[in-house]
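**Student:** Pasting in a structure now, in structure tokens, and then I'll have a few things to ask.
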Amino acid sequence: MAAKIAGPLSPVQRSLRIMEQVVADDPHAALPGDRPRMTAHVVATHLLHLLHGAGVLNFHGHHSAAIALFRQLEDALDCLLAVALVPGAADRWWEGEIKPSDAAKLVQQSKSEPLRIAGEELTWGEYRRRLRRDFNPFSHCSRPLTQYNLALVPEGDAYEIRCNLPGTIIDTNAHQIDAFLVAHTLETLPAFMECFPAYFDAHSELADEAGAALKEMQELMERHMAHRCHEVWPPAELRGLRP
């Protein structure tokens, strides 16, 4: 079956264009100085490449390859927040002294408001640790990762499990991965606004557009959560089967 294509007016595509404009203009980071600006710029560029890459891989049916990038996406987001917001983090990251998990801990110190996720209150640190934990099994070649390439093919009154060929899309898994990308974009766009505040202050129309996209993505994410699309395991195609 052919996958549904997200149009250019979708909130995710609009958010990506907003963030691409920010990266193209190379603005100052929230922290003053050339090093925070430079490191925020290169990390933000990498983060956008990962977002685009995961979306393209998913669209072409390379579902396990797309899922393998999600831990990398979380790591890049933590690093972006750290180098742009935490004094001294940009220099330490540049010298290779800060890992993504270290970056998350540094950012946690500036996040005092609890988050409410699926009815549960979490600190920023707890939330980021949970995400890294959930996606960690898929950051290496593992059985859970490869299961995203398994499709149920009708055989009479039953189904046969087969690996999908390159370019063959498993619609259920593609939709699940798309829900992850919505969730990550919903986190990344506000991070850009926090990391480059002067830029959005100077471009009020872009800030308004970002706010509208965020509202639409939040509504979309709530629908995804109602259908368990945000759950990492098992792959949507195999739900209901015995392990």
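**Student:** What is the order of V43, V56, fewest Cβ neighbours within 10 Å to most?
**Tutor:** The fewest-first ordering by Cβ neighbours comes to V56, V43.
**Student:** Also: Report, in debye and to the nearest 20, how large the dipole of the range 62-154 comes out about its Cα centre when Lys and Arg carry +1 and Asp and Glu carry -1 on their Cβ.
**Tutor:** Its charge dipole is roughly 280 debye.
**Student:** A further question follows. Got the relative contact order for the chain handy, in percent, Cα pairs under 8 Å and 6 or more residues apart?
**Tutor:** 26
**Student:** Pick out, from V86, F138, S15, the residue whose Cα sits farthest towards the positive end of the charge dipole of the chain, with +1 on the Cβ of Lys and Arg and -1 on the Cβ of Asp and Glu.
**Tutor:** Positive-end residue among those listed: F138.
**Student:** Quick one: the Cα spread of the chain along its three principal axes, in angstroms, biggest first?
**Tutor:** For the chain, the Cα extents along the three principal axes come out at 66, 36, 35 Å.
**Student:** Could I ask something else about it? Lys/Arg Cβ at +1, Asp/Glu Cβ at -1, dipole of the range 53-175 taken about the Cα centre: which of A103, F70, L165 is farthest positive-ward?
**Tutor:** Of the options given, the answer is A103.
**Student:** Using only alpha-carbon positions, what ratio does the radius of gyration of the range 155-241 give when scaled by 2.2 N^0.38 Å?
**Tutor:** Expressed relative to 2.2 N^0.38 Å, the Cα Rg reads 1.52.
**Student:** Could you estimate the translational diffusion coefficient of the range 97-136 from the Stokes-Einstein equation, with Rh from the Kirkwood formula over C-alpha pairs, at 4 °C and 1.567 mPa s, in whole µm²/s?
**Tutor:** Calculated translational D: 121 µm²/s.
**Student:** Kindly provide the Kirkwood hydrodynamic radius of the range 62-169 in Å, to one decimal, from all pairs of distinct alpha carbon atoms.
**Tutor:** 16.3
Bear in mind these aren't lab numbers, they're just calculated from the coordinates by the rules spelled out. Just so it is clear, the structure is predicted and the values come from calculations on it, not from any experiment. Methodologically, a virtual Cβ is constructed for each residue, glycine included, from the backbone with ideal geometry; neighbour enumeration extends over all protein chains shown.
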